[in-house]
Amino acid sequence: MAKRKDDERKIVAENRKARFNYAIDGTIEAGLVLMGSEVKSLRTGKATIAESYAFAKDGELFLVNANIPEYAQANRFGHEPKRLRKILVRKNEANKLSIAIQREGMTLIPLRLYFTPKGIAKIELGIAKGKKLHDKRESEKKRDWGREKGRLMRARG
């Protein structure tokens, strides 16, 4: 049996509420421009991406509001925890994503921040549209029904 792709990744931070608050149309894997102290801090696993998003400016993508705490042993060579971070994607992908963000009312939401088996920090971005309150209720009903159905199936044998 083949290993799943997620098994070989070391997930540092995950935005678990994103799939509840947004309708995710597609995902894209991208790299991040990080300082050395940021990478060290990520390896401790204390980063948060719950309130962050990405935006396009001059054909480049930037990650805003992602919190990577300061690395204690970095002394004066540390970094600012909530600084703007450049997202590394191909130029045509960046153009396509920036057009989708501007025209269609979509947003780029980080779903996961992880290390590949080679030790490279990557981010998984979701192209998302915000859900209305009734959509959130509908997804909650589906999730509850899935749980109930699983309980009933286990009870029947």
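Over the chain, dividing the summed -39,500 (n - 2.57) contributions of all DSSP H runs of at least 4 residues by the number of residues returns a 222 nm mean residue ellipticity of -10000 deg cm²/dmol. Annotation: amide H of Tyr71 within the under-5 Å range of His79, sequence separation 5 or more or interchain, hydrogens built in the peptide plane. Peptides 40-49, 88-97, 141-150 ordered by packing proxy, namely the average of other Cβ atoms within 10 Å per residue, highest first: 40-49, 88-97, 141-150. If I compute Kirkwood radius over Cα pairs in Å from the structure I just sent, which labelled value in (i) 17.4; (ii) 16.5; (iii) 16.1 lines up? Structure-derived value, by its label: (i).
Estimated at the nearest 10 Å², the accessible area of Arg151 is 130 Å² with a 1.4 Å probe.
Rolling a 1.4 Å probe over the protein heavy atoms gives the chain an accessible area of 69 Å² per residue. Once you reduce the range 16-82 and the range 107-122 to the center of their Cα atoms, the two points are 9 Å from each other.
Tell me the relative contact order for the chain as a rounded percent, counting alpha carbon contacts under 8 Å between residues six or more apart.
31
Atom-type composition of the exposed protein surface of the chain places 50 percent of the accessible area on carbon and sulfur (1.4 angstrom probe).
For the chain, find the longest principal axis of its Cα atoms and tell me its angle to the long axis of helix 91-104, 0 to 90°, nearest 10. That works out to roughly 60 degrees.
The values are calculated or read from the model by the stated rules, or taken from the named source; none is laboratory data. These figures come from a predicted structure and were not determined experimentally. We place every Cβ from the backbone using ideal geometry, glycine too, and count neighbours over all the protein chains shown. These accessible areas exclude ligands, DNA and RNA; they are computed on the full protein's heavy atoms, side chains included. Shrake-Rupley method; radii C 1.70, N 1.55, O 1.52, S 1.80 Å.
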